[in-house]
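Right, one structure below, let's go through it.
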Amino acid sequence: MEHGTTITQFISEEQRRSAGATGEFTALLNDIVTACKMISNQVNHGALVGALGSAGSENVQGETQKKLDVLSNEIFIQCNEWAGHLAAMASEEMDDVYQIPSEYPRGKYLITFDPLDGSSNIDVNVSVGTIFSILRCPGGAEQPGVRDFLQAGTQQVAAGYALYGPSTMLVLTTGNGVNGFTLDQNIGEFIITHPSMSIPADTREFAINASNMRFWESPVKRYVDECLAGKEGPRGEDFNMRWIASMVAEVHRILTRGGVFLYPLDSKMKDKGQGGKLRLLYEANPMSFIVEQAGGGSITGAERIMDLQPESLHQRVPVILGSRNEVERIQRYHTE
Ligand code: AHG
Ligand code: MN
Ligand code: MN
Ligand code: MN
């Protein structure tokens, strides 16, 4: 039986087309894919393997870590630290930069990752995911530090996510468009199922956590009020709303059928001195790269996210992304 192209074959063929490819990047992506398969296995077995519930610890974000937050982080490190492709790693679940242990060779790439995105959903069996971003390590970084990670989103070499949903999917960009792969559990391989994913420029579907409404700034309040006014309002059409509380699932829905996702800055966050809820280096930047490569837009409100110069490893930013014409409308509301 002829099976579809595997992600391994797809990546190799894509890298062969890019000049000077050494195979190192291909091997790095394959190690990341292995980590996502292992995390998928843990997520799918959940309570059967005692993987649910709280780890009883707190991360640098001040969040109570789920067991699967910690387990997914460990899996990612174990799959990626030994092969000699990475100079260092940074994760939502680790305070500081993770140095490659001295017994392993170092490579020329850096990786930032959110090992389990949407972890508040894991105990209630709603889709969660993994997000990753690959950067080049600035030259000669013997002991890479935080500064080496503080690169604008435009510097990303690749970005992707795994979505542990009804099926496990992996969506990837290396700067030549976006392609989606579905895990065939029978053979343990990701098979290409969604080539050249593209976000419709228009949408009538928005995603926001409406419980924060009283804290929003006026441009966001204006946009959402217009959506809620539907046919009787200035948009002249009814809108639909979604909120899954797993960014990976929201972004995947937008890649599949369009939409706009908003986690805007609000007065609550400002009171806490935070720049937003979502983290720039391992949520906003990788998702922005993917969304832009699929023809969408991704902004903080007034600015393009991928142009931001990061200032700290766990920096938070506002995120408004999705169908280009809606994102451009929201950006106009912020700059008028
Ligand atoms: P994480 O589970 O990695 O900490 O990320 C959760 C994020 C994002 O996935 C989601 O869109 C958002 O937090 C949900 O926030 P609320 O729970 O405030 O709705
Ligand atoms: Mn978290
Ligand atoms: Mn997350
Ligand atoms: Mn997370």
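The values are calculated or read from the model by the stated rules, or taken from the named source; none is laboratory data. Because the structure is predicted, anything quoted here is derived from the model rather than measured. For neighbour counting, all protein chains shown are included, and Cβ atoms are generated from backbone atoms with ideal geometry for every residue, glycine included.
Within 30 Å of Cys36 (Cβ to Cβ), aliphatic (A, V, I, L, M) and within 16 Å of ligand 3 (Cβ to nearest atom), is that true of Leu255? In short, no.
In segment 6-42, what residues are of a type in the set (A, V, I, L, M, F, W, C) and in contact with a helix residue (DSSP H, G or I) (Cβ under 7 Å, 6 or more places away or on another chain)?
Those that are of a type in the set (A, V, I, L, M, F, W, C) and in contact with a helix residue (DSSP H, G or I) (Cβ under 7 Å, 6 or more places away or on another chain): Ile7, Ile11, Ala21, Phe25, Leu29, Ile32, Val33, Ala35, Met38, Ile39.
Filtered by the rule that a residue be aliphatic (A, V, I, L, M) and in contact (Cβ under 8 Å) with a residue 40 or more places away in the chain, segment 12-50 gives Ala27, Leu28, Leu29, Ile32, Val33, Ala35, Met38, Ile39, Val43. Residues in segment 191-205 that are in a loop (DSSP other than H, G, I, E, B), closer than 30 Å to Glu226 by Cα and of a type outside the set (A, V, I, L, M): Ser198, Pro200, Asp202, Thr203, Arg204.
Before we move on, is Pro264 over 15 Å from the mean Cα position of the chain (by Cα), closer than 20 Å to Ile134 by Cβ and touching a residue at least 40 places away in the same chain (Cβ under 8 Å)? Considered against the rule, which asks whether it is over 15 Å from the mean Cα position of the chain (by Cα), closer than 20 Å to Ile134 by Cβ and touching a residue at least 40 places away in the same chain (Cβ under 8 Å), Pro264 comes out as no. Based on this model, can you work out whether Ser288 counts as polar (S, T, N, Q), in contact with a helix residue (DSSP H, G or I) (Cβ under 7 Å, 6 or more places away or on another chain) and either closer than 22 Å to Thr203 by Cβ or not assigned by TED's automatic domain parsing to the domain that holds Gln309 (or both)? Spelling it out, Ser288 is indeed polar (S, T, N, Q), in contact with a helix residue (DSSP H, G or I) (Cβ under 7 Å, 6 or more places away or on another chain) and either closer than 22 Å to Thr203 by Cβ or not assigned by TED's automatic domain parsing to the domain that holds Gln309 (or both). Applying a threshold of 8 Å to beta carbon distances and a minimum spacing of six or more residues, or different chains, the list of pairs starting in segment 115-137 at a residue that is under 17 Å from Ser167 (Cα atoms) and ending at one that is surrounded by fewer than 22 Cβ atoms within 10 Å (Cβ to Cβ) and modelled with pLDDT under 95 reads Ile122/Gly46; Ile122/Leu52; Asn125/Gly46. If you go through segment 72-109 and keep only what is within 16 Å of ligand 4 (Cβ to nearest atom) and either in contact (Cβ under 8 Å) with a residue 40 or more places away in the chain or in a loop (DSSP other than H, G, I, E, B) (or both), you end up with Ser72, Asn73, Ile75, Phe76, Ala90, Ser91, Glu92, Glu93, Met94, Asp95. Looking only at residues of segment 110-125 that are within 14 Å of ligand 4 (Cβ to nearest atom) and aliphatic (A, V, I, L, M), we find that the one that is modelled with the lowest pLDDT is Ile122.
Within segment 270-283, does at least one residue satisfy the condition of being farther than 23 Å from Ser91 by Cα, part of a helix (DSSP H, G or I) and either touching a residue at least 60 places away in the same chain (Cβ under 8 Å) or not assigned by TED's automatic domain parsing to the domain that holds Thr173 (or both)? Yes, the conditions are met somewhere in segment 270-283.
Those residues that are touching a residue at least 24 places away in the same chain (Cβ under 8 Å), assigned to a loop (DSSP other than H, G, I, E, B) and surrounded by fewer than 24 Cβ atoms within 10 Å (Cβ to Cβ), I need them from segment 295-322; list them, please.
Gly295, Thr300, Gly301, Ala302, Leu308, Gln309, Pro310, Glu311, Ser312, Leu313, His314, Gln315
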